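The values are calculated or read from the model by the stated rules, or taken from the named source; none is laboratory data. Because the structure is a prediction, the values reported are computed rather than measured. Note that we place each Cβ from the backbone using ideal geometry, even for glycine, and neighbour counts take in every protein chain shown. Ligands, DNA and RNA are excluded from the accessible area calculation, which covers all protein heavy atoms including side chains. Shrake-Rupley method; radii C 1.70, N 1.55, O 1.52, S 1.80 Å.
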Amino acid sequence: MRLGVNIDHVATLRQALRGRYPDPVAAAAMAELGGAEQITLHVREDRRHVNDRDLQILRQTVNGTLNLEMAAVQPMLDLCLQVRPDTCTLVPERREELTTEGGLDVAGRREDIKRVSRALRDAGVEVSLFIDPDLEQIKASVRADAQAVELHTGRYCEARTDKERARELARIAEGAKSAAKLGLRVAAGHGLDYWNVRPVCRIAEITELNIGYSIVCRAVLTGMEKAVRDMKELIG
Ligand code: PXP
């Protein structure tokens, strides 16, 4: 299973004080040292966390694959074609949302998405679509010329009962099977953490997970003791 580490929330911390640190570029290098095969980042239209400077430097420094998440709109397409990440994951984007909420409505926006997909593929960028594990969206993704899909695991992660969780996991498993059968590479992500990730790993067709928030949160806590010791040493 490939792990893509999403470094957006390192940039969220930096932007809280509009400072120079923590630098998502440094976090990406450390994530790679920890074994991440991919660095994922979502450059939002409002640049609320990760910005163009981060993307440009990461393109030069990431050793594994670089996966840019973005909205399927012309200004983002222009940026992506200029930077040329290895993969571009098209996601829905609403300004008010705290994080990406639902999957992309590929079935409803097929021509639009196909146009962006084609331009990316022509430039040698792999196209992945972030969709709900829904057969209609999977078929639409093939018709929109995508090479991969990332199945949205949010509903599974937010399930409150065992029954609901099992139902959402089954939807993901069925979606993964259908997508793989149609020739798509299958990734998954959103809301995955140290408690809910294992059942998703057991789905054979899913070969990549993109995980951000839970890893950044754990890094804050596992690094706290050393960070305090370093400061104590400094101040004597
Ligand atoms: N995959 C996609 C397409 C996303 O939009 C996000 C959130 O930015 C993630 C994965 C990572 O989600 P989380 O931060 O909840 O692990």
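Descriptive notes on the structure:
- Check on A170, part of a helix (DSSP H, G or I), open to solvent by 20 Å² or more (accessible area, probe 1.4 Å) and more than 13 Å from the ligand (Cβ to nearest atom): yes
- Hits in the stretch 31-41 - residues which are within 16 Å of the ligand (Cβ to nearest atom), open to solvent by 40 Å² or more (accessible area, probe 1.4 Å) and over 20 Å from F130 (Cα atoms): G34
- Yes/no for D112 being at pLDDT below 95 and farther than 19 Å from P24 by Cβ: yes
- Some residue of the stretch 22-30 being under 16 Å from Y213 (Cβ atoms), away from the ligand (no atom under 15 Å from the Cβ) and open to solvent by 20 Å² or more (accessible area, probe 1.4 Å): yes
- Flag if N51 is of a type in the set (S, T, N, Q), modelled with pLDDT of 95 or more, within 16 Å of the ligand (Cβ to nearest atom) and touching a Leu at 6+ places or on another chain (Cβ under 8 Å): no
- One residue stands out in the stretch 111-165 among those that are acidic (D, E) and within 22 Å of N67 (Cα to Cα): the one that is nearest to the ligand (Cβ to nearest atom), namely E150.
- The set of residues from the stretch 174-227 being more than 11 Å from the ligand (Cβ to nearest atom), small (G, A, S) and either part of a helix (DSSP H, G or I) or surrounded by 17 or more Cβ atoms within 10 Å (Cβ to Cβ) (or both) comprises G175, A176, S178, A179, A180, A219, G223, A227.
- Residue among E208, E225, E168 that alone is under 18 Å from the mean Cα position of the chain (by Cα) and among the charged types (D, E, K, R): E208
- Flag for R44 being of a type in the set (K, R), in a helix (DSSP H, G or I) and either over 25 Å from T207 (Cβ atoms) or open to solvent by 40 Å² or more (accessible area, probe 1.4 Å) (or both): no
- In the set (1) closer than 19 Å to A187 by Cβ; (2) charged (D, E, K, R); (3) modelled with pLDDT under 95, the condition left unmet by E37 is number (3).
- Scanning the stretch 117-157 for residues that are polar (S, T, N, Q) and surrounded by fewer than 20 Cβ atoms within 10 Å (Cβ to Cβ) turns up just one, Q147.
- Hey, R160 of a type in the set (D, E, K, R), surrounded by fewer than 17 Cβ atoms within 10 Å (Cβ to Cβ) and in a helix (DSSP H, G or I) or not: no
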